Every structure is written in structure tokens, then in C-alpha cells.
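The structure under discussion appears below in the form of C-alpha cells.
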Ligand SMILES: [Mg+2]
């Protein structure tokens, strides 16, 4: 029996904040939207109503695994249509949730792999804050004691600071990724693909499908049998391409809808 596993990034791949919707039609033809995340009492993330219906179908036909850099707490705010997924990958692969509970064995394995490969988190944070200016730095956060991110004013972020920080990170086993207003620094061994392989093994998946928009998704896309990326985001900006990965023309929330459509077709053997 074929068992299809769908591992998809969430933010700016399946779900979109108001500023990331990139609606192109005139307002009177804009798609109706479903809010799938509330933050501090206000709506934050959306899918199109069509995507919502397709996601329900996808959850019924495949093992659907949300695969996100969000922490488990941030992920818990997202309520996609369909039953709650059995598995979810959070913290960029640092956590595997099984029925909503973090798997402690997986966390330990990842923490060991990270410690063996990268400079300590404290050193990376120090480097991130070195030369950071309150003019463009709004917040600094640590996620699950695994990685760090900054919330920045992207328009004011100096390109040379970013280049130098990314170079330092690279030399010390870290990856820097700029997504919207967030600048992530993630240890190289902390990957969505490692967690995907683990969940694929546990579920006996015979076909793996993936989608993602950012640099932190590249390994996920290449690890899957087939994958898609939207026409916006870090990977699109770099015209990133890879065998087995389809670069979609659609951008914004329309890309999210198209990605779910492609998952369903591929799961049906098309
Ligand atoms: Mg994303």
C-alpha cells in the first residue's frame, strides 16, 4: 500500500500574514480568506477558502506533517482545517511532536548532533548582537535553547552587517536566514530534513512530498521525492533550483493554494 507523507513549511508556504498575502486581483475579485491563527487576540495568518477545503482533503488522504521553524508554542496557535496532525516538526527539526507532545528521544538526538557540529548558541547570539543597532533591531529571541532570531526593520538592516554576520555564522557551523522581519541563526545540524527522514521511517512512507519558501527549507525540498517552492521568498529571490523541485510562478497566498493542489495531484499519482 502506498503511503504518502507531506512535509510542508507553514509561514509563507501554506499560511500567510496580511502583509504576505500579495493579492493581485482587484479587491472585488480577491479570494475569500480563512483565518488560521490568532495572536494576542487579533487575526494573524490566513489561507484561501479554497486552500482550506483542499487541506481537509489532503489530511484525509496523506500523512500531513506541518514542518516549521516555529517553536511548539508558536505552532500551537496555528489551526489548519482537518483533524490535528499526528506528527508535526517544529523548531526547524529540533522537535518532533507526536499527538501534540514533544518526543524527548528525538530532542536529545538533535541536541547531541548540534553540540558536535556548531559553535555554542551563546557565541552565535553574541555575534548577532555585535554591531546590532536599536534603530533596526526590535527584539532578540532564543527558541527552545536551540537557535536564535532577531525581529528587525528589514529596510534599515545594513547589507554589510548581514553579509559579515552570515559569513561568521557559516564559518562556525550556523546558517543565517532572513524571512520577512525575522533574521534566523540556526545550527547547521538542525534541519527539517533530518526530522522528515525520522517521521518517514516511523510512518513507513513510500513517497515524500515537501514545500517551502526559505533557505531553511532547501534541505527539506531536496530530501523529499518531489517538492515545490512558491514564486516568492528567499529561494525564489536567489532563483534556487534543484532536481525534483518545481518552482511555482504563483506568489503569496495564491501560491499556498497551488501548493496544496500539487500535493493532492502527486498523492493521487499524477
Ligand atoms: Mg516559510
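Quick one: is residue 60 more than 30 Å from residue 141 (Cα to Cα) and assigned to a helix (DSSP H, G or I)? First the steps, then the outcome.
Working: more than 30 Å from residue 141 (Cα to Cα): yes; assigned to a helix (DSSP H, G or I): yes.
In short, yes.
Taken over the stretch 186-218, the criterion of being assigned to a loop (DSSP other than H, G, I, E, B) and within 12 Å of the ligand (Cβ to nearest atom) is satisfied by 212, 213, 214.
Could you list, in sequence order, the residues of the stretch 114-134 that are assigned to a helix (DSSP H, G or I) and touching a helix residue (DSSP H, G or I) at 6+ places or on another chain (Cβ under 6 Å)?
Hit for the stretch 114-134 is 127, nothing else.
For first residues located in the stretch 67-79 and away from the ligand (no atom under 13 Å from the Cβ), partners that are modelled with pLDDT of 95 or more and assigned to a helix (DSSP H, G or I) and lie 6+ apart or on another chain with Cβ distances below 8 Å form the pairs 71/91; 72/91.
Within the span defined as the stretch 237-249, every residue fails to be in contact (Cβ under 8 Å) with a residue 60 or more places away in the chain and assigned by the TED database to the domain that holds residue 52. For the stretch 19-38, filtered to residues that are within 16 Å of residue 251 (Cα to Cα) and within 16 Å of the ligand (Cβ to nearest atom), the residue that is surrounded by the most Cβ atoms within 10 Å (Cβ to Cβ) is 20. Quick check on residue 141: is it at pLDDT 95 or above, touching a strand residue (DSSP E or B) at 6+ places or on another chain (Cβ under 7 Å), farther than 30 Å from residue 267 by Cβ and outside the structural domain of residue 253 (by the TED database)? Yes. For the stretch 152-180, name all the residues that are surrounded by fewer than 20 Cβ atoms within 10 Å (Cβ to Cβ) and in contact (Cβ under 8 Å) with a residue 40 or more places away in the chain. 168, 172, 173, 178, 180, listed by residue number.
Identify all residues within the stretch 153-166 that are part of a helix (DSSP H, G or I) and in contact with a strand residue (DSSP E or B) (Cβ under 9 Å, 6 or more places away or on another chain); write none if there are none. Result: 154, 162, 165, 166. When the stretch 81-108 is limited to residues that are on the phi > 0 side of the Ramachandran plot and surrounded by fewer than 24 Cβ atoms within 10 Å (Cβ to Cβ), the one that is modelled with the lowest pLDDT turns out to be 82. Filtered by the rule that a residue be out of contact with any strand residue (DSSP E or B) (no Cβ under 9 Å at 6 or more places or on another chain) and in a loop (DSSP other than H, G, I, E, B), the stretch 81-113 gives 83, 84. Scanning the stretch 219-261 for residues that are outside any loop (DSSP other than H, G, I, E, B), at pLDDT 95 or above and in contact with a strand residue (DSSP E or B) (Cβ under 9 Å, 6 or more places away or on another chain) yields a total of 21. Could you run through the stretch 224-245 and say how many residues are away from the ligand (no atom under 16 Å from the Cβ) and touching a helix residue (DSSP H, G or I) at 6+ places or on another chain (Cβ under 9 Å)? Going through the stretch 224-245 one residue at a time, the tally reaches 6.
The values are calculated or read from the model by the stated rules, or taken from the named source; none is laboratory data. Since the model is a prediction, treat every value here as computed from it, not as a measurement. We place every Cβ from the backbone using ideal geometry, glycine too, and count neighbours over all the protein chains shown.
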